[in-house]
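The values are calculated or read from the model by the stated rules, or taken from the named source; none is laboratory data. Every value quoted in this text rests on a predicted model; they were computed, and no experiment measured them. No Cβ is skipped: glycine too gets one built from the backbone with ideal geometry, and neighbour counts run over all protein chains shown.
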Amino acid sequence: MSPKNRISVVKGDITQVEADAIVNPSNSYGAMGGGVALAIKRSGGEEIEREAVAKAPIPVGSAVVTTAGRLKARAVIHASTMQRPAQRVSEEEVRLATRAALHEASKHGFRSIAFPGMGTGVGGVPKEEAARAMLEEIKAHLAREALPERVVLVAFDDELFSAFKRALEGGGSSR
(Lines give C-alpha, C1' and ligand atoms only; values in the text may rest on other atoms or scores of the structure.)
Protein backbone atom coordinates (compact mmCIF):
# COMPACT_ATOMS: atom_id res chain seq x y z
CA MET A 1 0.00 0.00 0.00
CA SER A 2 1.36 3.41 -0.92
CA PRO A 3 2.18 5.83 1.90
CA LYS A 4 -0.57 8.18 0.70
CA ASN A 5 -3.21 5.45 1.11
CA ARG A 6 -2.24 5.08 4.78
CA ILE A 7 -3.04 8.74 5.55
CA SER A 8 -6.46 10.27 6.16
CA VAL A 9 -7.62 13.78 7.00
CA VAL A 10 -10.55 14.49 9.30
CA LYS A 11 -12.04 17.60 10.84
CA GLY A 12 -12.67 17.42 14.56
CA ASP A 13 -11.29 17.14 18.06
CA ILE A 14 -8.09 15.12 18.40
CA THR A 15 -9.07 14.14 21.95
CA GLN A 16 -12.00 12.16 20.49
CA VAL A 17 -9.99 10.22 17.91
CA GLU A 18 -9.69 6.46 18.33
CA ALA A 19 -6.04 5.63 17.62
CA ASP A 20 -3.24 3.82 19.39
CA ALA A 21 -1.62 7.22 20.01
CA ILE A 22 -2.35 10.90 19.57
CA VAL A 23 0.38 13.49 19.26
CA ASN A 24 0.78 16.48 21.54
CA PRO A 25 3.03 19.20 20.06
CA SER A 26 4.75 19.82 23.38
CA ASN A 27 7.31 22.10 24.94
CA SER A 28 10.49 20.67 26.41
CA TYR A 29 9.13 20.95 29.97
CA GLY A 30 6.14 18.69 29.26
CA ALA A 31 3.82 21.36 30.70
CA MET A 32 0.36 21.26 29.12
CA GLY A 33 -0.95 24.78 29.59
CA GLY A 34 -2.54 25.76 26.29
CA GLY A 35 -3.77 24.77 22.85
CA VAL A 36 -3.85 21.09 21.94
CA ALA A 37 -1.94 20.18 25.10
CA LEU A 38 -4.54 21.76 27.37
CA ALA A 39 -7.38 20.08 25.45
CA ILE A 40 -5.62 16.70 25.87
CA LYS A 41 -5.09 17.31 29.59
CA ARG A 42 -8.71 18.42 30.13
CA SER A 43 -10.14 15.39 28.30
CA GLY A 44 -7.64 12.77 29.41
CA GLY A 45 -6.71 13.88 32.91
CA GLU A 46 -3.91 15.51 34.87
CA GLU A 47 -1.92 12.26 34.99
CA ILE A 48 -0.91 12.80 31.36
CA GLU A 49 0.83 16.07 32.22
CA ARG A 50 2.35 14.67 35.42
CA GLU A 51 3.91 11.82 33.46
CA ALA A 52 5.14 14.13 30.66
CA VAL A 53 6.73 16.53 33.17
CA ALA A 54 8.39 13.58 34.94
CA LYS A 55 9.95 12.52 31.61
CA ALA A 56 11.15 16.07 30.79
CA PRO A 57 13.25 17.63 29.52
CA ILE A 58 12.06 16.68 26.04
CA PRO A 59 14.54 18.33 23.66
CA VAL A 60 13.08 19.87 20.51
CA GLY A 61 12.98 17.14 17.89
CA SER A 62 12.51 14.32 20.38
CA ALA A 63 9.42 12.75 21.92
CA VAL A 64 8.22 10.76 24.93
CA VAL A 65 5.22 8.48 25.34
CA THR A 66 2.79 8.72 28.25
CA THR A 67 -0.50 7.27 29.33
CA ALA A 68 -3.64 8.58 27.63
CA GLY A 69 -5.73 8.71 30.79
CA ARG A 70 -9.43 8.86 29.88
CA LEU A 71 -8.81 9.46 26.16
CA LYS A 72 -9.94 6.98 23.50
CA ALA A 73 -6.27 6.63 22.47
CA ARG A 74 -3.95 4.22 24.27
CA ALA A 75 -1.07 6.68 24.56
CA VAL A 76 -0.02 10.29 24.03
CA ILE A 77 3.21 11.02 22.17
CA HIS A 78 4.62 14.34 23.36
CA ALA A 79 6.74 15.58 20.45
CA SER A 80 8.59 18.72 21.38
CA THR A 81 8.23 21.60 18.92
CA MET A 82 9.44 24.30 21.30
CA GLN A 83 11.78 24.69 24.23
CA ARG A 84 9.61 27.00 26.35
CA PRO A 85 5.81 27.18 26.53
CA ALA A 86 4.13 29.51 23.99
CA GLN A 87 7.32 29.97 21.98
CA ARG A 88 7.22 30.69 18.23
CA VAL A 89 8.52 27.79 16.13
CA SER A 90 9.76 27.23 12.59
CA GLU A 91 8.92 24.77 9.83
CA GLU A 92 12.11 22.87 10.72
CA GLU A 93 10.90 22.35 14.30
CA VAL A 94 7.59 21.05 12.91
CA ARG A 95 9.55 18.58 10.76
CA LEU A 96 11.73 17.45 13.68
CA ALA A 97 8.75 16.92 15.99
CA THR A 98 6.77 15.06 13.32
CA ARG A 99 9.76 12.76 12.70
CA ALA A 100 10.20 12.16 16.44
CA ALA A 101 6.53 11.27 16.91
CA LEU A 102 6.61 8.80 14.01
CA HIS A 103 9.81 7.24 15.36
CA GLU A 104 8.16 6.71 18.78
CA ALA A 105 5.04 5.26 17.14
CA SER A 106 7.15 2.73 15.23
CA LYS A 107 9.30 1.93 18.27
CA HIS A 108 6.25 1.27 20.46
CA GLY A 109 4.44 -0.77 17.81
CA PHE A 110 1.55 1.66 17.43
CA ARG A 111 -0.55 0.76 14.39
CA SER A 112 -2.38 4.09 14.29
CA ILE A 113 -1.42 7.64 15.20
CA ALA A 114 -3.30 10.95 15.05
CA PHE A 115 -1.60 14.31 14.55
CA PRO A 116 -2.94 17.82 15.05
CA GLY A 117 -1.52 20.72 13.06
CA MET A 118 1.99 20.74 14.54
CA GLY A 119 3.15 24.29 15.32
CA THR A 120 -0.01 25.91 13.93
CA GLY A 121 -1.32 27.26 17.24
CA VAL A 122 0.88 29.29 19.58
CA GLY A 123 3.88 28.14 17.51
CA GLY A 124 2.70 30.49 14.76
CA VAL A 125 3.63 28.36 11.74
CA PRO A 126 1.25 29.08 8.82
CA LYS A 127 -1.14 26.15 8.34
CA GLU A 128 -0.17 25.55 4.69
CA GLU A 129 3.52 25.48 5.58
CA ALA A 130 3.04 23.16 8.57
CA ALA A 131 0.75 20.81 6.62
CA ARG A 132 3.23 20.54 3.74
CA ALA A 133 6.17 19.90 6.09
CA MET A 134 4.23 17.32 8.10
CA LEU A 135 3.05 15.44 5.01
CA GLU A 136 6.54 15.33 3.53
CA GLU A 137 7.88 13.83 6.77
CA ILE A 138 4.96 11.40 7.16
CA LYS A 139 5.18 10.15 3.55
CA ALA A 140 8.96 9.69 3.85
CA HIS A 141 8.55 7.71 7.08
CA LEU A 142 5.76 5.52 5.71
CA ALA A 143 7.78 4.78 2.56
CA ARG A 144 10.45 3.07 4.70
CA GLU A 145 8.58 1.82 7.81
CA ALA A 146 5.71 -0.64 8.30
CA LEU A 147 4.39 1.19 11.36
CA PRO A 148 2.26 3.06 11.89
CA GLU A 149 -0.15 1.47 9.44
CA ARG A 150 -2.55 4.41 9.66
CA VAL A 151 -1.93 8.15 10.16
CA VAL A 152 -4.86 10.46 10.83
CA LEU A 153 -4.41 14.21 10.43
CA VAL A 154 -6.95 15.97 12.62
CA ALA A 155 -7.90 19.52 11.66
CA PHE A 156 -9.68 21.71 14.20
CA ASP A 157 -10.94 24.12 11.53
CA ASP A 158 -11.74 24.34 7.81
CA GLU A 159 -8.52 26.19 6.98
CA LEU A 160 -6.29 23.45 8.43
CA PHE A 161 -8.50 20.72 6.93
CA SER A 162 -8.03 22.26 3.46
CA ALA A 163 -4.28 22.70 4.04
CA PHE A 164 -3.92 19.02 5.03
CA LYS A 165 -5.96 17.88 2.01
CA ARG A 166 -3.88 19.98 -0.40
CA ALA A 167 -0.63 18.74 1.13
CA LEU A 168 -1.81 15.13 0.95
CA GLU A 169 -2.70 15.48 -2.73
CA GLY A 170 0.43 17.53 -3.47
CA GLY A 171 2.82 14.64 -3.66
CA GLY A 172 6.38 15.88 -4.22
CA SER A 173 8.75 17.42 -1.74
CA SER A 174 9.88 21.02 -1.94
CA ARG A 175 13.19 20.17 -0.21
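The table for this structure:
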| item | result |
| --- | --- |
| Residues (small (Gly, Ala, Ser) and either farther than 19 Å from ALA75 by Cβ or crowded, with 20+ Cβ neighbours inside 10 Å (or both)) located in segment 32-56 | GLY33, GLY34, GLY35, ALA37, GLY44, ALA52 |
| Cβ pairs under 7 Å, 6+ apart, first in segment 4-24 and on the phi < 0 side of the Ramachandran plot, second hydroxyl-bearing (Ser, Thr, Tyr) and in a helix (DSSP H, G or I) | THR15/SER43 |
| Per-region count, segment 57-79, residues in contact with a helix residue (DSSP H, G or I) (Cβ under 7 Å, 6 or more places away or on another chain), over 18 Å from SER106 (Cα atoms) and crowded, with 16+ Cβ neighbours inside 10 Å | 3 |
| Residue that is surrounded by the most Cβ atoms within 10 Å (Cβ to Cβ), among those in segment 143-175 that are among the aliphatic types (A, V, I, L, M) and touching a strand residue (DSSP E or B) at 6+ places or on another chain (Cβ under 7 Å) | LEU153 |
| The one condition in (1) more than 19 Å from GLY117 (Cβ to Cβ); (2) in contact with a Lys or Arg (Cβ under 6 Å, 6 or more places away or on another chain) that MET32 fails to fulfil | (1) |
| Any pair with Cβ under 6 angstrom, 6 or more apart, that starts in segment 147-165 at a residue that is touching a residue at least 60 places away in the same chain (Cβ under 8 Å) and among the aromatic types (Phe, Trp, Tyr) and ends at one that is in a strand (DSSP E or B) and surrounded by 18 or more Cβ atoms within 10 Å (Cβ to Cβ) | PHE161/ALA155; PHE164/VAL9; PHE164/LEU153; PHE164/ALA155 |
| Considering residues of segment 80-119 that are among the hydroxyl-bearing types (Ser, Thr, Tyr) and buried (at least 24 other Cβ atoms within 10 Å of the Cβ) only, the residue nearest to PRO3 (Cα to Cα) | THR98 |
| Matching entry among ALA133, ALA86 (being in contact (Cβ under 8 Å) with a residue 12 or more places away in the chain and touching a Lys or Arg at 6+ places or on another chain (Cβ under 6 Å)) | ALA133 |
| Within segment 11-39, tally of residues that are under 23 Å from LEU96 (Cα atoms) and either part of a strand (DSSP E or B) or in contact with an Asp or Glu (Cβ under 6 Å, 6 or more places away or on another chain) (or both) | 8 |
| Residues of segment 126-175 that turn out to be acidic (Asp, Glu), over 14 Å from ALA105 (Cβ atoms) and modelled with pLDDT of 95 or more, as a count | 6 |
